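Below: one structure, written as structure tokens.
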Amino acid sequence: MRRFLLFILLVLVHIPIVSHAADIHDAAMTGDVAAITAALDAGAGIDESDGTATPLYFAVWMGHIEAAKLLIERGADVNAQTSGGPPLMAAVGTGKIDLLKLLLERDADPNSNRGGEFALHVAVTLDCLDCVKALVEAGADVNAKTMDGKTPLHLAKSRGQREVADYLLSHGVVLPTPAPISMKLATADVEKGRTYFTRRCTSCHNVEPQGGNKLGPNLWSVVGRDKASVANMRYSDTLLGWEGVWTYEDLNRYLFGPMLTTPGVKMETPGVPDDTERVNLIAYLRTLSDKPIPLP
Ligand code: HEC
């Protein structure tokens with residue numbers, strides 16, 4: 001009998017908690033404002049996760065602005081983390097500009113991210129110029145990098161999104177320019193450059209005169225060669241649009257960090273940010289020729 005009573009007690013205590021939680025997430029998903037209010041009044045936690053996300057995240061994800069407003073008014077944490085990131089990621093991921101603006105007005109972090117991918121990157125990927133503008137106006141970092149080093153501008157240029165690219169360029173994008181290296185080439189360590197190349201570049205580039213292209217073009221005679229000029233190679237618009245031959249300083253700029261200095265390139269590698277390594281590498285590239293061009 002005691003055990004039976006205990007059982008009844010557990011059922012009575014347990015069911016309401018479970019069902020409130022379920023109610024508020026279901027209500028948020030369907031945008032049922034009355035049901036959200038009822039669940040909250042009955043004691044459901046405003047930021048309670050159903051194991052995946054919070055009620056606000058669900059309301060935003062499904063595009064229910066009234067439900068989102070209610071949840072925020074009732075104290076929902078606009079920056080609460082969920083398995084999909086904070087609610088702002090749901091707004092930008094579904095391209096819902098009204099919800100994005102609502103969240104930003106209510107102090108959502110414009111630099112929200114999920115797994116190292118920022119809201120601004122998602123907005124650019126979806127080619128949503130209004131989303132990009134809303135985020136940048138709210139203070140999103142236009143130079144933010146994903147874990148693999150991609151900036152919003154690089155993504156926009158890779159995708160041929162002119163308007164987005166122009167907007168970003170006029171709103172604080174910084175293209176780094178490494179210090180000149182020409183005068184350091186005479187004393188560079190060509191052997192170290194060769195070793196570096198073998199380790200980091202041969203997976204994508206042949207250097208024999210008769211070698212074909214790999215993922216990247218053959219680099220025999222690259223110094224002094226017209227940029228983006230190897231036959232049967234599909235270059236990016238960025239490289240095709242960069243006039244002139246490969247000078248030492250152009251290589252310096254490009255190799256410093258291709259996606260940073262020359263956004264839109266198809267060589268999506270971190271580059272060679274270390275000055276000495278880059279100088280050695282360029283001195284080695286110079287030797288890939290029947291007639292290496294003179295040192296400066
Ligand atoms: C993951 C593959 C990959 C790796 C690794 C890589 N590259 Fe590239 N590289 C490319 C691609 C693809 C292009 C064409 C870029 C474009 O069209 O925007 C390219 C282009 C170039 C160019 C311009 C050539 C031309 O014909 O105009 C140079 C120079 C270059 N790479 C040097 C290097 C060096 C040096 C390294 C090592 C530090 C390296 N690359 C590592 C893929 C790669």
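The values are calculated or read from the model by the stated rules, or taken from the named source; none is laboratory data. From a predicted model like this one, the values you see are computed outputs, not experimental measurements. Please note: Cβ atoms are built from the backbone with ideal geometry, for glycine as well, and neighbour counts cover all protein chains shown. With ligands, DNA and RNA removed, areas are computed over all heavy atoms of the protein, side chains included. Shrake-Rupley method; radii C 1.70, N 1.55, O 1.52, S 1.80 Å.
Among the residues of segment 265-278, is there at least one that is outside any loop (DSSP other than H, G, I, E, B), more than 24 Å from Leu155 (Cα to Cα) and in contact with an Asp or Glu (Cβ under 9 Å, 6 or more places away or on another chain)? Outline the logic, then answer.
First pass over segment 265-278, keeping only residues outside any loop (DSSP other than H, G, I, E, B): 275-278.
Of the ones still in play, those that are also more than 24 Å from Leu155 (Cα to Cα) are 275-278.
This time we only want the ones that are in contact with an Asp or Glu (Cβ under 9 Å, 6 or more places away or on another chain), so: 276.
Scanning segment 265-278, I find at least one residue that is outside any loop (DSSP other than H, G, I, E, B), more than 24 Å from Leu155 (Cα to Cα) and in contact with an Asp or Glu (Cβ under 9 Å, 6 or more places away or on another chain), so the answer is yes.
Of the numbered conditions (1) hydrophobic (A, V, I, L, M, F, W, C); (2) open to solvent by 20 Å² or more (accessible area, probe 1.4 Å); (3) in contact with a Phe, Trp or Tyr (Cβ under 7 Å, 6 or more places away or on another chain), Cys128 satisfies every one except a single condition; which is it?
All conditions pass for Cys128, except number (3).
Across segment 235-245, what is the total count of residues that are near the ligand (Cβ under 7 Å from one of its atoms) and in a loop (DSSP other than H, G, I, E, B)? Outline the logic, then answer.
Of all residues in segment 235-245, those near the ligand (Cβ under 7 Å from one of its atoms) come to 235-236, 238-239.
In the following step, the residues that additionally are in a loop (DSSP other than H, G, I, E, B) were identified as 235-236.
Final tally of qualifying residues: 2.
Check segment 228-244 and report whether any residue there is closer than 16 Å to Pro292 by Cα and out of contact with any Asp or Glu (no Cβ under 8 Å at 6 or more places or on another chain). Walk me through it before giving the result.
Keep residues of segment 228-244 that are closer than 16 Å to Pro292 by Cα, which gives none.
Scanning segment 228-244, I find no residue that is closer than 16 Å to Pro292 by Cα and out of contact with any Asp or Glu (no Cβ under 8 Å at 6 or more places or on another chain), so the answer is no.
Just the residues that are out of contact with any Gly (no Cβ under 9 Å at 6 or more places or on another chain), open to solvent by less than 30 Å² (accessible area, probe 1.4 Å) and not polar (S, T, N, Q), please, taken from segment 157-166.
Within segment 157-166, just Val164 meets the criteria.
Which of the residues spanning segment 205-228 are open to solvent by 40 Å² or more (accessible area, probe 1.4 Å) and within 6 Å of the ligand (Cβ to nearest atom)?
Once the filter is applied, which keeps residues that are open to solvent by 40 Å² or more (accessible area, probe 1.4 Å) and within 6 Å of the ligand (Cβ to nearest atom), segment 205-228 yields only Leu215.
I'd like to verify a number: residues in segment 140-174 that are over 21 Å from Arg114 (Cβ atoms) and either in contact with a strand residue (DSSP E or B) (Cβ under 8 Å, 6 or more places away or on another chain) or free of Cβ contacts under 8 Å to residues at least 12 places away in the same chain (or both), how many?
3
Among the helices (runs of 4 or more DSSP H) lying completely within segment 38-123, list those that include at least 1 residues that are closer than 30 Å to His154 by Cα, open to solvent by less than 50 Å² (accessible area, probe 1.4 Å) and assigned by TED's automatic domain parsing to the domain that holds Gly139. Reasoning before the result, please.
Working: elements: 55-61, 65-73, 87-93, 97-105.
So the answer is 55-61, 87-93, 97-105.
Among (1) outside the structural domain of Gly257 (by TED's automatic domain parsing); (2) part of a helix (DSSP H, G or I), there is one condition Asp141 misses while meeting the rest; what is its number?
Unmet condition: (2).
If I filter segment 246-260 for residues that are more than 9 Å from the ligand (Cβ to nearest atom), farther than 13 Å from Thr177 by Cα and over 25 Å from the mean Cα position of the chain (by Cα), do I get at least one hit?
yes
Restricting attention to segment 207-228, which residues are over 30 Å from the mean Cα position of the chain (by Cα) and either part of a loop (DSSP other than H, G, I, E, B) or not assigned by TED's automatic domain parsing to the domain that holds Glu277 (or both)? So that I can check it myself, show each step before the final result.
Just the residues of segment 207-228 that are over 30 Å from the mean Cα position of the chain (by Cα), to begin with: 207-212, 220-226.
Passing the criteria: Val207, Glu208, Pro209, Gln210, Gly211, Gly212, Trp220, Ser221, Val222, Val223, Gly224, Arg225.
Scan segment 213-258 residue by residue and report those that are aromatic (Phe, Trp, Tyr) and in contact (Cβ under 8 Å) with a residue 40 or more places away in the chain. So that I can check it myself, show each step before the final result.
From segment 213-258, those aromatic (Phe, Trp, Tyr) are 220, 235, 242, 246, 248, 254, 256; that's our starting set.
Within segment 213-258, Trp220, Tyr248, Phe256 meet the criteria.
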